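Colleague: Dropping the structure in here first, questions after.
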Amino acid sequence: MTTVRADRLQRSPATSRATPAEPTEPLDPAARTRRRRQRRRSQLTAWAFIAPLVGYLAAFYLYPLYRNLDLSLHHYTVRSFVDNDAPFSGWANYSQVLHDPTFWPAMRNTMVFTLVSILLQYAAGLALAVFFNRGFRLSGTLRALFLVPWLLPLIVSSSTWAWMLNSESGVVNYGLHLVGLAPVDWLTSPSWALTSVIVANIWIGIPFNLVILYSGLQNIPGELYEAASLDGAGTWQQFRRITFPLLRPVSAITLLLGLVYTLKVFDLIWIMTKGGPGNASSTLATWSYRFGFGSLLPQFGPGAAVGNILILIALVFGLLYIRVQRRQNA
Amino acid sequence: MTRSRTRTAVGVVLTALMLFPVYWMVNVSLTPQQDMRKDPPDLFPLHPTFQGYQAVLNDQLPYLLTSLLIGLGTVALTLAVSAPAAYALARLRPRGGGVLGMVLLIAQMIPGIVMAMGFYGIFLNYGLMNTWWGLIVADSTIAVPFGVMIFTAFMSGIPDELTAAALIDGAGSVRTFWSVVLPVSRNALVTVSLFSFLWAWSDFVFANTLDSGGSMQPITLGIYRYIGNNNQEWNAIMATAVVASIPAALLLVLAQRYVAAGVTAGAVKD
């Protein structure tokens, strides 16, 4: 759930390339070769340390991704999957997927799920961060407790939510009953399934937003608020004129990271609804999985095609994230 | 003074609301089977039963041990791949380091489900399906890019004098890495280990696609099968969920500051 700033990685080689500065006094040719040889040797040492990582990335990132692309361009059946001799089918899987009646509902669900989740997570996270930013007794402990939903294994939180939202014996419907509302078929009615998984996902995502926004708030100097309150600015005005504008860089990063991560969500939806009923809560991720593993007759080609479309979407926002982050650190 | 007390009260209420699902999980895990479908449900475990936990001991112990093994294996593999590479990236100025950093950043954005399908094809062809160490390899892909980035960020901050002194003492880069840089990077080591363990422990996608027929399966599959098989015994399911949450709880209590550091490592300028 976390990404580390790339700028250090990118910047340190750049600055360092400048450090072994060109020698100011003219060196004799022998010394120059010695120096060059030395530099080459230190490059070799560096890459010897990196080699395992490069090998690892090639074998366990590049190769699976290549395999996935290969899957999406062939007509695979279980048999040809094992024998690895499926006929090449070009873009057929992609066109099949794009013309599938599930495509647009899944796309729409992915967008709704992602956008509603990140916006509400962000809003709740920001409100809580502002609340916790004024330290009070127990605030540290309570803030730590807020991390719990984020740390729990997804299968744990998903199955807990599934039981809480159970139509007959779920505690949520009991709560509705207490305030005089009719019970809702949270997970089994097509009109509520997507809402249910969004609610659970927001619950899981709030801690991440809280922690990041909180540390962003901690970097805003307190004198600004003192000055503002001397000038007679109320709490709301302080938030609007100081907190929100100064937090904008951190907010952008939080939202974009949330976007990239929420697009990938699979476990939660699969465990709670399996994308159902019908396709009511299917996203690209669950749809792709259903193609490949959800039935007795796996369709790896279309599944891989959907997966690759998902990668493309994630990459668009991912590159946007990198751009924003770069510009902020520049 | 009273203002601060009001805030504490509000804070406690908010935290209680937020943690209600966790409380409910514990409550259901202690509810006797016959009360499970009671209307209204018992809000407190008035007649607690340990049937559920008994079932965990009987059915889920092998799954828990497998998860422990896979978690530790993932930590070892992640550290072994990421720490040396990060040392080079942070201290040895390799040409092309920037590109590698970019690759790692993008690697983190690839959906697990896509990786799972690619691994499925590979594992099937090479006969690695349903092995615990295959799952370790797959799980480590979640943590390695994160690990390299945490280590690199941390090791770039180590003062030059420290490594220069090692160099003067005649230590080569391997010595410097092992006896100087690595011990100083304790915080980064802890953070990376914590998260790679937690992610491997919690992984469901890889487990379900790559190890669902194996003789050694992790606890996430144990719970998943429980839900599928005996829809009725929710106290046993929730008891397993409680037990499966123990590592997360321990982390929070014992290593809270590392956890927070890991979450924010990405987004915030310091």
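Colleague: Has the stretch B:2-21 got at least one residue that is more than 7 Å from chain A (Cβ to nearest Cβ), basic (K, R), under 22 Å from B:T240 (Cβ atoms) and surrounded by fewer than 16 Cβ atoms within 10 Å (Cβ to Cβ)?
Modeller: Scanning the stretch B:2-21 turns up no residue that is more than 7 Å from chain A (Cβ to nearest Cβ), basic (K, R), under 22 Å from B:T240 (Cβ atoms) and surrounded by fewer than 16 Cβ atoms within 10 Å (Cβ to Cβ).
Colleague: Ok, one more. For the stretch A:84-102, which positions are in contact (Cβ under 8 Å) with a residue 12 or more places away in the chain and away from chain B (no Cβ under 13 Å)?
Modeller: Answer for the stretch A:84-102, where residues must be in contact (Cβ under 8 Å) with a residue 12 or more places away in the chain and away from chain B (no Cβ under 13 Å): A:P87, A:F88, A:S89, A:G90, A:W91, A:A92, A:Y94, A:Q96, A:V97, A:D100, A:T102.
Colleague: From B:L89, B:L64, B:L57, which residue is assigned by TED's automatic domain parsing to the domain that holds B:V242 and within 24 Å of A:G55 (Cα to Cα)?
Modeller: On inspection, the qualifying residue turns out to be B:L89.
Colleague: Quick check on A:L138: is it at positive phi and touching a Ser or Thr at 6+ places or on another chain (Cβ under 8 Å)?
Modeller: Criteria met by A:L138.
Colleague: Also, I was wondering about something else. Could you tell me whether B:S179 is away from chain A (no Cβ under 11 Å), surrounded by fewer than 14 Cβ atoms within 10 Å (Cβ to Cβ) and hydroxyl-bearing (S, T, Y)?
Modeller: When the stated conditions are applied, B:S179 passes them.
Colleague: Under the condition of being over 14 Å from the mean Cα position of the chain (by Cα) and among the small types (G, A, S), which residue from the stretch A:242-275 is nearest to the other protein chains (Cβ to nearest Cβ)?
Modeller: Checking each candidate, the answer is A:S251.
Colleague: Yes or no: the stretch A:51-59 includes at least one residue that is at the interface with chain B (Cβ under 8 Å from one of its Cβ atoms), modelled with pLDDT under 85 and assigned to a helix (DSSP H, G or I).
Modeller: no
Colleague: Now for a different question. Test B:V184 against the stated conditions and say whether it is within 7 Å of another protein chain (Cβ to nearest Cβ) and either within 18 Å of A:R67 (Cβ to Cβ) or among the β-branched types (V, I, T) (or both).
Modeller: No; evaluated as a whole, the condition is false for this residue.
Colleague: For the stretch A:162-180, which residues satisfy the criterion of being facing chain B (nearest Cβ under 10 Å) and aliphatic (A, V, I, L, M)?
Modeller: A:A162, A:M164, A:V171, A:V172, A:L178
Colleague: Are any residues in the stretch A:139-161 over 13 Å from B:L19 (Cβ atoms) and more than 8 Å from chain B (Cβ to nearest Cβ), and if so, which ones?
Modeller: A:G140, A:S158 - these are the residues of the stretch A:139-161 that are over 13 Å from B:L19 (Cβ atoms) and more than 8 Å from chain B (Cβ to nearest Cβ).
Colleague: Another question, then. Can you name every residue in the stretch A:298-326 that is among the β-branched types (V, I, T) and touching a Pro at 6+ places or on another chain (Cβ under 9 Å)?
Modeller: Residues satisfying the conditions are A:I311, A:V324.
Colleague: Please give the number of the condition A:S159 fails out of (1) of a type in the set (S, T, N, Q); (2) in a helix (DSSP H, G or I); (3) without any contact (Cβ under 8 Å) to a residue 24 or more places away in the chain.
Modeller: The one condition A:S159 does not meet is (3).
Colleague: Going through the stretch A:294-312 one residue at a time, which ones are over 22 Å from B:M109 (Cβ atoms) and facing chain B (nearest Cβ under 8 Å)?
Modeller: Passing the criteria: only A:F300.
Colleague: Also: Are there any helices (runs of 4 or more DSSP H) wholly within the stretch A:162-245 with 2 or more residues that are in contact (Cβ under 8 Å) with a residue 60 or more places away in the chain and not aliphatic (A, V, I, L, M), and if so which?
Modeller: So the answer is A:193-218.
Colleague: Given (1) more than 15 Å from A:L284 (Cβ to Cβ); (2) more than 14 Å from every other protein chain (Cβ to nearest Cβ); (3) among the hydrophobic types (A, V, I, L, M, F, W, C), where does A:V112 come up short, assuming only one miss?
Modeller: Against the list (1) more than 15 Å from A:L284 (Cβ to Cβ); (2) more than 14 Å from every other protein chain (Cβ to nearest Cβ); (3) among the hydrophobic types (A, V, I, L, M, F, W, C), A:V112 comes up short only on (1).
To keep it simple, each residue is scored yes or no on (1) closer than 17 Å to A:L310 by Cβ; (2) more than 28 Å from the chain's Cα centre (by Cα); (3) not aliphatic (A, V, I, L, M).
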site	(1), (2), (3)
A:L65	yes, no, no
A:N68	yes, no, yes
A:F88	no, yes, yes
A:A92	no, yes, no
A:S117	yes, no, yes
A:L120	no, no, no
A:L138	no, yes, no
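Colleague: Can you tell me how many residues within the stretch A:277-330 are within 27 Å of A:R79 (Cβ to Cβ) and either of a type outside the set (A, V, I, L, M, F, W, C) or in contact with an Asp or Glu (Cβ under 7 Å, 6 or more places away or on another chain) (or both)?
Modeller: So the answer is 14.
Colleague: Ok, one more. Mind listing whichever residues of the stretch A:212-241 are of a type in the set (F, W, Y) and either loosely packed, with under 12 Cβ neighbours inside 10 Å or within 14 Å of chain B (Cβ to nearest Cβ) (or both)?
Modeller: The answer is A:Y214, A:W236.
Colleague: Which numbered condition trips up A:P101, out of (1) in a helix (DSSP H, G or I); (2) at pLDDT 90 or above; (3) not aromatic (F, W, Y)?
Modeller: Unmet condition: (1).
Colleague: Restricting to the stretch A:61-83, and then to whatever is at the interface with chain B (Cβ under 7 Å from one of its Cβ atoms), farther than 18 Å from B:M102 by Cβ and among the aromatic types (F, W, Y), can you tell me which residue is surrounded by the most Cβ atoms within 10 Å (Cβ to Cβ)?
Modeller: Among residues in the stretch A:61-83 that are at the interface with chain B (Cβ under 7 Å from one of its Cβ atoms), farther than 18 Å from B:M102 by Cβ and among the aromatic types (F, W, Y), the one surrounded by the most Cβ atoms within 10 Å (Cβ to Cβ) is A:F81.
The values are calculated or read from the model by the stated rules, or taken from the named source; none is laboratory data. Owing to the predicted nature of the structure, the values given are computational and were not obtained by experimental measurement. No Cβ is skipped: glycine too gets one built from the backbone with ideal geometry, and neighbour counts run over all protein chains shown.
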